[in-house]
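The values are calculated or read from the model by the stated rules, or taken from the named source; none is laboratory data. Since the structure is predicted, the reported quantities are computational estimates derived from the model, not experimental observations. Because the Cβ atoms are built from the backbone with ideal geometry, glycine has one as well, and the counts that use them run over all protein chains shown. Only protein heavy atoms, including side chains, enter the accessible area calculation; ligands, DNA and RNA are left aside. Shrake-Rupley method; radii C 1.70, N 1.55, O 1.52, S 1.80 Å.
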Amino acid sequence: MYDIIAKKRDGLPLSGDEIRFVINGYTNDSIPDYQMSAFLMAGYLRGFTDEETVTMTMAMAESGDMLDLSGIKGITVDKHSTGGVGDKTTLIVCPVVASLGVPVAKMSGRGLGHTGGTIDKLESIPGFSASLSPEAFIRQVNDLHFALAGQTAVLAPADRKIYALRDVTATVDSMTLIASSIMSKKLASGAAGIVLDVKTGDGAFMQKEEDSAALAEEMVSIGNLAGRKTVAVITDMNQPLGRMVGNSFEIREVIECLKGNGPADLMEVCQALAEQMLLTGGKADSKEAAAVMIADSINSGKALETFRRFVTAQGGDPNVTDHPEIMGSYSIEKPVAAETSGFVSELSAREIGRAEMILGGGRLTKNDTIDRTVGIRLIRKYGEPVSAGETVAVVCGNDSLRTEEAASIVKASYSYRSSCPPNRPMIKKIL
Ligand code: URA
């Protein structure tokens with residue numbers, strides 16, 4: 001391992017055997033965290049070749065079982081986001097398309113860096129568990145058209161370990177490490193179709209649109225090489241998605257979206273992803289037809305009912321949809337006021353994500369436990385008018401010092417100008 005770290009440090013290409021040695025050794029604990037951290041940092045700084053990326057992805061996917069979903073009727077579809085702030089699209093899009101007959105076999109992760117993770121959010125619901133055996137996962141996709149599993153010792157265990165280490169060693173935002181992390185999970189969980197939400201902007205790991213496009217291309221090509229129909233949608237992450245940030249806060253917003261009361265930016269991204277999932281899953285033959293089906297699923301209550309059945313199947317309390325207060329609450333509320341009158345011209349997603357971490361909603365070290373009751377409500381967002389002194393956000397915490405600190409970060413994450421800023425499209429590109 002020492003020689004491989006030195007080679008990567010010096011910018012020399014690694015052979016397939018060397019990459020597999022690293023991934024397998026770290027997965028089976030023969031390579032310690034400190035050597036893997038040095039390897040990740042060397043790779044982060046030096047970069048990886050396309051060949052190294054594909055080998056790493058396959059080694060990570062094959063580090064555990066590769067699920068065979070061929071027993072499931074229909075074209076199974078999975079979706080994944082490269083990570084954002086306030087990004088709860090999975091929990092809206094998957095029930096919608098599942099209610100329309102697309103079998104959704106979803107493998108999710110926990111929070112990473114300043115971004116939240118779907119499993120951390122779902123675990124706000126009393127009783128919910130994402131630990132499903134492969135048999136239970138397949139059975140549930142067959143019965144309900146939707147199951148969501150976290151990585152276990154069985155599925156892509158290499159990614160589970162590397163992901164947790166990257167989270168605390170400042171090695172998240174590397175194209176290869178993101179692509180291999182996401183695609184290894186997608187390949188291992190066996191879906192025939194994969195829809196990727198590649199975020200771009202201040203709150204994304206890839207901030208420049210050209211880097212996000214390169215990441216999207218890399219993942220689409222890995223997916224297609226592995227025989228999976230793969231599509232990527234590049235979406236805006238310059239400000240948090242929706243108006244709620246924080247684990248249980250985001251579950252509340254998901255429920256509102258499934259009841260038809262979702263905020264426009266969030267619903268626009270959900271619509272684009274759901275359309276691609278319906279097209280990939282062969283349930284719609286045009287975006288227009290898909291849009292009609294999506295509206296019907298939400299308006300008829302079918303999507304909400306699918307969400308309730310999914311929560312119940314995975315041990316959670318479905319009453320959460322009518323009584324979100326069962327997820328517990330915070331004890332301190334700190335409003336943040338606008339400094340001036342005008343329009344919001346920036347609302348930094350990265351800074352809001354950082355404020356949420358300081359509140360205790362994210363992890364600073366690998367073994368941190370998180371507080372799922374804290375969060376941030378965004379009352380004003382990009383382009384919206386404000387008057388001086390008006391509340392633009394509310395920071396909700398359980399510790400007064402942390403809440404104060406988070407509130408000052410939230411305050412600084414807003415900028416204002418006197419005229420309305422230009423409209424920013426949510427959907428940048430579909431590959
Ligand atoms: N999501 C993942 O699963 N992995 C990453 O590296 C980033 C986002």
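Have a look at Asp50, Asp65 and point out the one that is under 17 Å from Arg160 (Cα atoms) and at pLDDT below 95. If you could, list the steps in order and put the result at the bottom.
Numbers: Asp50 fails: under 17 Å from Arg160 (Cα atoms).
Only one candidate passes the filter, namely Asp65.
I need the full set of residues from segment 24-45 which are part of a helix (DSSP H, G or I) and open to solvent by less than 50 Å² (accessible area, probe 1.4 Å), in order please.
Just the residues of segment 24-45 that are part of a helix (DSSP H, G or I), to begin with: 24-27, 33-45.
The answer is Gly25, Tyr26, Thr27, Gln35, Met36, Ser37, Ala38, Phe39, Leu40, Ala42, Gly43.
Out of the residues in segment 104-119 meeting the condition of being among the β-branched types (Val, Ile, Thr) and modelled with pLDDT of 85 or more, tell me which one is surrounded by the fewest Cβ atoms within 10 Å (Cβ to Cβ).
The extreme case among them is Ile119.
Of the residues that make up segment 167-187, is at least one under 30 Å from Ile326 (Cα atoms) and out of contact with any helix residue (DSSP H, G or I) (no Cβ under 7 Å at 6 or more places or on another chain)?
Looking for residues that are under 30 Å from Ile326 (Cα atoms) and out of contact with any helix residue (DSSP H, G or I) (no Cβ under 7 Å at 6 or more places or on another chain), one finds at least one in segment 167-187, hence yes.
Looking only at residues that are within 16 Å of the ligand (Cβ to nearest atom) and assigned to a loop (DSSP other than H, G, I, E, B) in segment 95-110, which one is farthest from Met183 (Cα to Cα)?
Arg110
For residues that are within 21 Å of Ala191 (Cα to Cα) and among the small types (Gly, Ala, Ser), scanning just segment 244-300, find the one that is most open to solvent (accessible area, probe 1.4 Å).
This residue is Gly282.
Here is a yes/no grid of residues against (1) in a helix (DSSP H, G or I); (2) of a type in the set (Gly, Ala, Ser); (3) open to solvent by less than 10 Å² (accessible area, probe 1.4 Å); (4) more than 13 Å from the ligand (Cβ to nearest atom):
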residue	(1), (2), (3), (4)
Lys121	yes, no, yes, yes
Ile125	no, no, yes, yes
Leu148	no, no, yes, yes
Arg166	yes, no, yes, no
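Does Gly71 satisfy the criteria of being at pLDDT below 95, buried (at least 24 other Cβ atoms within 10 Å of the Cβ) and either away from the ligand (no atom under 16 Å from the Cβ) or of a type outside the set (Val, Ile, Thr) (or both)?
No, not satisfied.
Looking at segment 168-205 only, could you name the residues that are assigned to a loop (DSSP other than H, G, I, E, B) and either touching an Asp or Glu at 6+ places or on another chain (Cβ under 6 Å) or more than 10 Å from the ligand (Cβ to nearest atom) (or both)?
Val168, Thr169, Ala170, Ser189, Gly190, Ala191, Ala192, Gly201, Asp202, Gly203, Phe205
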